[in-house]
Amino acid sequence: MKVYGDNLDCIEDYTVVKTDKNLIIKLRELEEGEKVSIISDVMFKTMFQNSKRIKYSAKLISYFIDVSYEKLLNNLKLVQNDFDNDKYYSKGERGDYVAEIDGMHINIEINNNFKDYTFERNLEYIFKIYNSGVKRSKGSTGYKYNKVVQINFNNFYYKNDEEAVKIFTVNDGKVKYTDKITIVQVYLPLLRKKWYDLGIENLEEKEKFILSLYEMNINNSKEIGGKINIMNDYLEESKEVMEDTVFGESYDKELATYEGGFDEGRQAGYDDGFAAGREEGLAAGREEGIAAGREEGLTAGREEGIAVGREDGERFAKLETAKNLKNNGVSIEIIAKSTGLTLEEIEKI
């Protein structure tokens, strides 16, 4: 069904590019002289979702809102980033990062594997924050909505689009609907393209900062962001972080479930079963997850059926993750702590 209008710019007119080896960075095991890219949820949450490292959040956010780095450094507060929902499949879902300053909320999302629902999910998050403080009791003088800035780090780009950073508001140029929602789209691979095509000297400081976070090659990161003092701090601290055993185990777990692991299985749920994901180790089990999820969704048709299918899917993903970690020499005690499985369950794998 089509909707007619004078100036409708449909996202479906674009071709999503997510496999360009020259521009898109994929999570993988590190080689000498490399660091973990910010597209890693483990790295992002370790370096940004941490009040002791608030300077990195403050620097990034200062590029997009009219608040100085110094004020952000001293006043930016991390807040609860659970997105509560009355629907079973959304309970316990978490945003990547939420912070607050002077009543303004900043939500940062890492969109690493583009799916049809990615932007809709991002919009869901932003509107949950937007209306989380609404008062609807009797005698209220009106609704009070939160001001939200959402920054999306996208590890993909559009074939016919050359802009690496775009900023959107909920206005059409004629009517001002609200001044409380701003969406920043950062297409990380296009930052690399701009660097390749135009050189470092033609990058804005915010582009250098973000690209330094994105790059895995440490020398490239230093070359791009070396004149930004805080970036040198980031590189030194991220090096220390990567040497930590707990971080290494978490990153190994992330690699094991990359491109089709637990989070995507939980999100897609009974509609698609499990996403195709990694070809090795998960393919056969994922087909079973799809079949089971669809069968339960079709026959039950109710939330109880969805819940059962999702629980089975989550358990299957945990077992597959445990199997991969076990095959890679990770101790069963650490696997049990990471997955929630019992030692007996892991020993039987």
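The values are calculated or read from the model by the stated rules, or taken from the named source; none is laboratory data. Since the structure is predicted, the reported quantities are computational estimates derived from the model, not experimental observations. When we count neighbours, we look across all protein chains shown, and the Cβ atoms used for this are built from the backbone with ideal geometry, even at glycine.
Report yes if residue 225 is at pLDDT below 95 and at positive phi, otherwise no. Here the answer is no, as residue 225 does not meet what is asked. Scanning the range 114-141 for residues that are modelled with pLDDT under 70 and of a type in the set (Ser, Thr, Tyr), which turns out surrounded by the most Cβ atoms within 10 Å (Cβ to Cβ)? Selected residue: 140. The condition (being out of contact with any strand residue (DSSP E or B) (no Cβ under 9 Å at 6 or more places or on another chain) and touching a residue at least 60 places away in the same chain (Cβ under 8 Å)) is satisfied by just one residue among 229, 219, 171: 219. In the range 27-37, the residue that is nearest to residue 188 (Cα to Cα) out of those that are part of a loop (DSSP other than H, G, I, E, B) and touching a residue at least 40 places away in the same chain (Cβ under 8 Å) is 37. On the stretch given as the range 316-337, residues that are loosely packed, with under 15 Cβ neighbours inside 10 Å and under 15 Å from residue 255 (Cβ atoms) total 3. The conditions of being farther than 26 Å from residue 164 by Cβ, in contact with a strand residue (DSSP E or B) (Cβ under 6 Å, 6 or more places away or on another chain), at pLDDT below 90 and of a type in the set (Val, Ile, Thr) are met by residue 79. So which strands (runs of 3 or more DSSP E) stay within the range 142-226 end to end and still have 2 or more residues that are under 17 Å from the mean Cα position of the chain (by Cα) and not hydroxyl-bearing (Ser, Thr, Tyr)? Fully inside the range 142-226 and qualifying: 147-154, 181-187. Flag: residue 254 matches the condition of being at pLDDT below 95, under 21 Å from the mean Cα position of the chain (by Cα), of a type in the set (D, E, K, R) and under 14 Å from residue 38 (Cβ atoms).
Against the numbered list (1) farther than 18 Å from residue 206 by Cβ; (2) of a type in the set (Ser, Thr, Tyr); (3) modelled with pLDDT of 95 or more, residue 89 comes up short only at (3).
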